[in-house]
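Working notes, structure below.
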C-alpha cells in the first residue's frame, strides 16, 4: 500500500494498533456453523403462515373473490386487496424530488388494478406454509387486461397507455440543473462526442430472500417485527406513522440479514401487510419470499437511458457535458425510487474539470417492478457514462485513455476541489492511484501485446479498459437532504457503555448485513478506550436495544456511524478522566491516558485503569459533584459533508471474435478509500463490488417480454456469475485521508461496483475498435458482442 | 404421509412426512436444523447444500422421501464438538464470508470437492463450486480459503 | 417453493413401476429428480403420483455386453464419470457428462433421467445421438429398442409412451475414435446455448467415419448429417474441417431466446463444429 499523505492529526490513537489491523471477523463463528437467526429460522408457537397471490398480468383490472380460499384446509383467513383497502395504508415514498412530482397511491395489496406482473392482489393466512400456498388456487380472480406500457419513450408519447390513469401522465417528475455557461462551452467545440448508453435493469439478488415475522401481544397492543431489512429503524417509524400504533409499542429486529445491496432498503408491502394481519388476527404471522417471487416483488435497480454530449477542445480538454436521463420508476414509487437517478446528478462530471454542465432527468412510470437503490444507486450509472465518454474522447483524438484522463483530472494539489456540480471533493490523489495501477497491470506490456494481436488478426483480441472513478460516500448531511426534498435526516447515533465488569457495549444505529460492523467498530472502540478487542460487544439491528439510528446504505456506516461510535467512545474517556482524577485526588490536567490506564504524571504507581473507573462509576460510592453514576456516553453525529473515495481500475479482456465471448484476463483495482480500519474487510467489499459491477457489464439483465412478463425471473435465467465466471482480482490501495471527518475514513461498500462496469465495457470496446465497433450494449453477452462485430463489419454473416 | 428413517448430524430419526416435503423443509421444519437455508427455487444457488451419504446434494432439489435410509450431514453437524472443520476455519481466516447466507452450502460443497480433489488448482476450485452462488464476496477469498483448507487437510492425513 | 401434493411409491421392479404408470396417466417417474424438482416447486407440473425408481436394482450400474456398454437408466452422472469402462469405451459420454449441471446435480441426476427429460439444450441427448446409442424402454407391452435419433421427437418429448420407462442405454465401443464435446454457455452451470458432440474415426490417412450431433439447434437434438457426409472421406485437414463445419446449421431450426437469436445460434453451430472437429480429428 502507498500512503500519499500523513494521517489527520486528530485521528484515532494507534496504541493498540487495532485501526489498520486485519482482524478476523467476530461475526463469522455463528454463520460458519449454522447457528444463524435468519428471519425464516425464527419459529414461534402458534405462528400462521402467509402466501400472496400475485397478478400474472402486467396491467389488468382485477375483481378478486378470496372467500372460497377461506374454506380450504388449514386456512384461517383470506382477503383480497379490496377486503383490506380500508385497513391497509399506502406505502411511503420518502423523497419528494420535485414539488410537482406524481406519487400515486401504492397499496400493499392492489385494490382493483394490478400494474405489474407480480403486483400482489390477495392474501391467504393458514396454519402451514404449504396450506397457505395451496389455497391460493381457490381464490377467484377476473382479470380484464389493460394496455401495457413497458418502454420509457413509448410511455412518454402522446396517447400512451397510462400506468396510473388518474395521474393523467406516465411522467413522475422532470428535474434539471445547469452549471456554468453550457451554450458557450458547446459553441464551436472542436470535438463533440454524442452517445446514448442504456443502464439495463438489474435484479439485486441478495442471497437471503426477504422474510417478515410479526408477533403481537394483543393484550398490551405491542408488536415485535422481525424483518430481513437493512433499515429496522425506518420500518418501525413507518409502521408507527401509518398504523397509528405508537413507536414505543413496536419493536423491529433485523436479525441475521443475508445481504441487501439496497434491495432491503425499503418499506415493503409485506411488512405493512403482515403487521396489519397480526393486528387483525392477534397471532404471529410469517411470510418468506420464494426466489421466483423475489424476482418480481423485490425492487430492481438501474434502468436508465442516458443521452450524453461531451464538448472538448482539440487537445481533449473537456469544455462541457450535457446529460439527459430517462429513469424507469417501474409501476410505483418505493421508498427512494425517484431519488436514485438524482443521486448520480452531481457525479457525472467524475474526477474531471470542465467549464459547464447540464443535467436533466425525467422519471417515468412503466408496468414493471418498481426500481430503487441497488449497490451504488445512481453513481454507477453516472460513472459509467463519464468513463465511457472519456474512452470515446481518447479514441476520437487517438490519445491514450490514461493520458486523456490526466489532461482533465483534478490534480492532487488542487484539493479540496469545488467541482462543477456544486460538490467539494475533500481529498484525493488520482496521479498516485493511477501510477500504481499502471505498474501492477503492466499497462505498457499489455498494450504491446494488444498491438501484436491486432497485427496478427488474432481471432481472440485483447482490450484494455480504464476507469478512474470517484464516488460520494457517507449519506448524508441532514441539511443537504432537507434541501433536496428528503423527508428524513442523515445523522447516525451511537452509545458506548463501559459495564461494571470492564467489558464494553457499543450500541450503534447502523444495521449491518454482511459488512462486518461488529468487527470494525470493535477496532475503533478498542483503540479509543484502550480495552481489548475481544472485550467489546457491538449491539445493532434491534430497535429495543438500539432505539436511535438511521441504518445502513450509501456507504455511510463507517464515515457516519463509525465516527459517531468513535465520538461516543471519546466522551466515555472524557468522563472516565474526570472520575479518575477525583479518585486519584489530582487535577485532570495531571492525568495522562494511554493503553486504557489513567496515570498521574510524575507519580509512578498512581494509576487507575479504565475498567477500575468503570466499576467506580457503577458503585458510585464517590462521585465528584455533578458527575452522574455509570460510565456511558451517547453521540449523534450529523456529517459535515460527504467523502469522495476514488481509484483507478484497469481491465484486460480477451474477446473471442468468433463466438463473442468475453474473458477477463487481468483486473487491477487501486482504490483510495481514505483511512482503512480493517484492510481484510475493505478488500472483501472491493471483491464483492467488482463482482456485481462486472456482472452488470457482462452477465445480468432483467428482460421483459412484450406482455410485461419477466422472462429472466429465476436464478436459472438471470444467471448471476458463479466462481467459474469471475477472475481473481489484483488489489492495492493508496491512502489519502478524508478531510470531512476526524477518522479520515471514506467508504468502500459501493466503490468496486461503481468502478468496474465501465472498466470492463471499455475493455470490450477497446478490443473491438479495429473492427469499427464503438459500443456494445450491456450486458456484453456473447451474442451482443458477436452482433456488434457483425454489424460493424457490414451485416452479412 | 410416508415414513422415512434417516440420520441427521449423527442422530437417528424416524418421521412421517408428506411426500412433497423437500429435504430442506424436513431438515428445517421437522428436525429444527435451520442452519441450512433456502436461497432459490430452481436448484441454482446451492445455499441448501448438505451431504447425503458423504456426497453434496442440494436439499431443495431432493424430496425427503428420496433421502430415506440416508445419512445426512448439515453445516451444524460438520464438526464434532466445539472445534470447526478445517474448511470452516479457513473461511474465517480468509474472510471468505460476508453476509453468510451462502456459507453453509459453500462450505459443504467445498468439503465434498476436497474429498475428491485433495489438491485443487484455482480453476478446479472455481469449477468445483459452480453450483453455489455467493453475492457478497466475489468468490476470491472463498477460492483462497478452499485451497488453504486443502493444504491443511492434506497435512493432517 | 412447495409442490402440489402427490402420492409416492417406490417399487422394486420395472414391472411394478410400469403397472402404476399404466393405471394412472398422471403418474410420473422420478429418477434423480434434478430436472423434475424445480418444475414441481414452481408448480409447472402437478403429477398425482411419483414413481421413484431408485429401488429397482436392475436399473443401476454399467456393464459390458459383447462390444457394447450397457448403462442402467438410474446410473448417476457421478457414477458414469467415475466408471473406467465409460472412460475407455465412450470417452465422449464422459466428457459430456462432466459438463452436466454442477457437482451436486451430478450426484443425484441420472443418465436415464436426463435422456427421458429430453431437453434439447441438455448435454446427454446430443451425446447419445452422436454415440448412436440404443435406448431400451419397457412398457405394458414389453421391451423395445429405439435408436437415439428416433428417441427424441420434440421439446421435452420422447417417443416413449407415458407408461413406458427407459431402463437402459446401449452404447457401441468408440475407443480409438477422436472425440470432443464442445459446449457453449453464458455461465458455468447454465444450459448450453449450442453444443456439439463430435466423433471422428480415422484410418490410414483419412476420415472413415464422422458423427456430429448438435444440442439446442432444434426442438430436439439433431445429427449434422451434412457435416458428417462432407467430412467423411476427407484427409481430415483443416481445410476439410472448415468446409465441413460450414454445413453445421443445415436442416436445423434453432430457437430464439434471451441467450441468442436463431441466426447467432446458426453461426455458433458452425464455429463450434469446426472447433469440435479440429479437436476430434487432431488437425
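The values are calculated or read from the model by the stated rules, or taken from the named source; none is laboratory data. The model shown is predicted, which means the values in this text are computed figures rather than measured ones. Every residue, glycine as well, gets a Cβ built from its backbone with ideal geometry; the counts of neighbours run over all protein chains shown.
General remarks:
- Here is the figure for the range A:726-749: residues that are more than 12 Å from every other protein chain (Cβ to nearest Cβ) and under 19 Å from residue A:437 (Cβ atoms) total 7.
- The lone exception for residue A:767 - which of (1) over 24 Å from residue A:435 (Cβ atoms); (2) surrounded by 24 or more Cβ atoms within 10 Å (Cβ to Cβ); (3) touching a residue at least 12 places away in the same chain (Cβ under 8 Å); (4) within 13 Å of chain B (Cβ to nearest Cβ) it fails: (4)
- Which listed residue is modelled with pLDDT of 95 or more and surrounded by fewer than 19 Cβ atoms within 10 Å (Cβ to Cβ), from B:80, B:119: B:119
- Within the range A:372-418, the set of residues being in contact (Cβ under 8 Å) with a residue 60 or more places away in the chain, assigned to a loop (DSSP other than H, G, I, E, B) and within 28 Å of residue A:200 (Cβ to Cβ) comprises A:372, A:373, A:374, A:375, A:376, A:377.
- Residue that is modelled with pLDDT under 95, in contact with a strand residue (DSSP E or B) (Cβ under 9 Å, 6 or more places away or on another chain) and either closer than 21 Å to residue B:141 by Cα or not in a loop (DSSP other than H, G, I, E, B) (or both), where the choices are A:760, A:748: A:748
- Scanning the range A:355-371 for residues that are in a loop (DSSP other than H, G, I, E, B), in contact with a strand residue (DSSP E or B) (Cβ under 7 Å, 6 or more places away or on another chain) and surrounded by 24 or more Cβ atoms within 10 Å (Cβ to Cβ) returns A:366, A:368, A:369, A:370.
- Checked against the criterion of being in contact with a strand residue (DSSP E or B) (Cβ under 9 Å, 6 or more places away or on another chain) and on the phi > 0 side of the Ramachandran plot, the range A:481-488 has at least one qualifying residue.
- Residue in the range A:739-746 that is touching a helix residue (DSSP H, G or I) at 6+ places or on another chain (Cβ under 9 Å), crowded, with 22+ Cβ neighbours inside 10 Å and on the phi > 0 side of the Ramachandran plot present: no
- Set side by side, the residues C:196, C:200 differ, and just one is touching a helix residue (DSSP H, G or I) at 6+ places or on another chain (Cβ under 6 Å) and within 14 Å of chain A (Cβ to nearest Cβ), which is C:196.
- Residue match in the range A:499-514 (condition: under 26 Å from residue A:687 (Cβ atoms), assigned to a loop (DSSP other than H, G, I, E, B) and more than 14 Å from every other protein chain (Cβ to nearest Cβ)): yes
- Strands (runs of 3 or more DSSP E) (entirely within the range C:10-93) containing at least 3 residues that are within 13 Å of residue C:167 (Cα to Cα), touching a residue at least 60 places away in the same chain (Cβ under 8 Å) and away from chain B (no Cβ under 14 Å): C:68-72
- Only residues that are out of contact with any helix residue (DSSP H, G or I) (no Cβ under 6 Å at 6 or more places or on another chain) and either surrounded by 15 or more Cβ atoms within 10 Å (Cβ to Cβ) or under 12 Å from residue C:281 (Cβ atoms) (or both) were counted across the range C:226-238, and they come to 6.
- Evaluating residue A:767 against the criteria (1) more than 30 Å from residue A:515 (Cβ to Cβ); (2) out of contact with any strand residue (DSSP E or B) (no Cβ under 6 Å at 6 or more places or on another chain); (3) modelled with pLDDT of 95 or more leaves one unmet condition, (2).
- Only one entry of C:82, C:60 meets the criterion of being under 20 Å from residue C:108 (Cα atoms) and touching a strand residue (DSSP E or B) at 6+ places or on another chain (Cβ under 7 Å), and that entry is C:60.
- One residue from A:657, A:630, A:675 being surrounded by 20 or more Cβ atoms within 10 Å (Cβ to Cβ) and more than 14 Å from every other protein chain (Cβ to nearest Cβ): A:675
- The strands (runs of 3 or more DSSP E) falling completely within the range C:121-185 that include 2 or more residues that are crowded, with 21+ Cβ neighbours inside 10 Å map to C:134-139, C:165-172, C:178-184.
- Among the residues of the range B:123-146, those that are part of a helix (DSSP H, G or I) and within 14 Å of chain C (Cβ to nearest Cβ) comprise B:123, B:124, B:125, B:126, B:127, B:128, B:143, B:146.
- Residue in the range A:65-78 that is buried (at least 18 other Cβ atoms within 10 Å of the Cβ), within 32 Å of the chain's Cα centre (by Cα) and either farther than 30 Å from residue A:542 by Cβ or without any contact (Cβ under 8 Å) to a residue 12 or more places away in the chain (or both) present: no
- Number of the condition not met by residue B:149 [criteria: (1) within 14 Å of chain C (Cβ to nearest Cβ); (2) assigned to a helix (DSSP H, G or I); (3) buried (at least 22 other Cβ atoms within 10 Å of the Cβ)]: (1)
- Residue among B:32, B:39, B:10, B:43 that alone is crowded, with 24+ Cβ neighbours inside 10 Å and on the phi > 0 side of the Ramachandran plot: B:43
- Only one of B:114, B:22, B:129, B:78 that is touching a helix residue (DSSP H, G or I) at 6+ places or on another chain (Cβ under 8 Å) and closer than 30 Å to residue A:134 by Cα: B:22
- Tally, over the range C:186-239, of residues that are more than 25 Å from the chain's Cα centre (by Cα) and in contact (Cβ under 8 Å) with a residue 40 or more places away in the chain: 3
- Among (1) crowded, with 23+ Cβ neighbours inside 10 Å; (2) more than 9 Å from chain B (Cβ to nearest Cβ); (3) out of contact with any strand residue (DSSP E or B) (no Cβ under 6 Å at 6 or more places or on another chain), the one test that residue C:3 misses: (2)
- Failed item, numbered, when residue C:97 is tested on (1) free of Cβ contacts under 8 Å to residues at least 40 places away in the same chain; (2) more than 12 Å from chain B (Cβ to nearest Cβ); (3) surrounded by fewer than 22 Cβ atoms within 10 Å (Cβ to Cβ): (3)
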